[in-house]
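Here's the structure, in structure tokens; my notes come after.
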């Protein structure tokens, strides 16, 4: 009899933990895309960057808070604009910074501190953070920095959003920024990654 009750208790506990995990993954109903020109959609016709196409794939509300030319320091200065959207629904915030830090030769240690502070402020407010890198073979130092910070902070990570299209130059409007078709493929990659994180989109 004792073993029977112990078995029931164990099953009940597992069910409870599964329910909590599922609730956490489903608790969000907003996706905030927070980053630089790759988030804003620079180079796309009519500003149709990846957030525009992501909106078409999900039932969540997608908010584009990308700003052309932003570094991680600029993102940190704008963090209050993101926090005003953070509420009890625990929005998903896709944080995409680092490419402009590289181009502007910002010291890696400074970029690291900025990204860590952005993550800390968002998670403390209740957001579910997903860090995304831009392109990993060309910006490998930034890639390893972002990945290590995400692992240490225990937030999810999306590897280079441009990786799969980087050598398909017909999908780019210039040397760095995708065109509308390129951003559509970026959105598809991010959508699949979010699904793999058990978000019910």
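The values are calculated or read from the model by the stated rules, or taken from the named source; none is laboratory data. As the structure is a prediction and not an experimental result, all values here were calculated from the model. Counting neighbours? That spans all protein chains shown, and the Cβs are built from the backbone with ideal geometry, glycine included.
If I ask for residues that are over 13 Å from the mean Cα position of the chain (by Cα) and in contact (Cβ under 8 Å) with a residue 40 or more places away in the chain, which ones from the range 83-97 would you list? Once the filter is applied, which keeps residues that are over 13 Å from the mean Cα position of the chain (by Cα) and in contact (Cβ under 8 Å) with a residue 40 or more places away in the chain, the range 83-97 yields 83, 85, 86, 89, 90. Being assigned to a helix (DSSP H, G or I), surrounded by 18 or more Cβ atoms within 10 Å (Cβ to Cβ), touching a residue at least 40 places away in the same chain (Cβ under 8 Å) and out of contact with any strand residue (DSSP E or B) (no Cβ under 6 Å at 6 or more places or on another chain) is the requirement here; does residue 199 meet it? No; evaluated as a whole, the condition is false for this residue.
Within the range 43-55, which residues are within 29 Å of residue 200 (Cβ to Cβ) and either in contact with a strand residue (DSSP E or B) (Cβ under 9 Å, 6 or more places away or on another chain) or part of a strand (DSSP E or B) (or both)? Give the steps one after another, and end with the answer.
Just the residues of the range 43-55 that are within 29 Å of residue 200 (Cβ to Cβ), to begin with: 44, 47-55.
Result: 44, 47, 49, 50, 51, 52, 54, 55.
Taking the conditions (1) modelled with pLDDT under 95; (2) part of a strand (DSSP E or B) in turn, residue 63 satisfies each one other than (1). Of all residues in the range 127-151, those being in a strand (DSSP E or B) and free of Cβ contacts under 8 Å to residues at least 60 places away in the same chain number 2.
Which count do you get for residues in the range 156-196 that are assigned to a loop (DSSP other than H, G, I, E, B) and crowded, with 21+ Cβ neighbours inside 10 Å? Explain how you work it out, then say what you get.
Of the residues in the range 156-196, the ones assigned to a loop (DSSP other than H, G, I, E, B) are 159-162, 166-168, 173-177, 179.
Applying the additional criterion that residues be crowded, with 21+ Cβ neighbours inside 10 Å yields 160-162.
Adding up the residues that qualify gives 3.
Residue-level analysis places residue 169 outside the set of residues that are without any contact (Cβ under 8 Å) to a residue 60 or more places away in the chain and touching a strand residue (DSSP E or B) at 6+ places or on another chain (Cβ under 8 Å).
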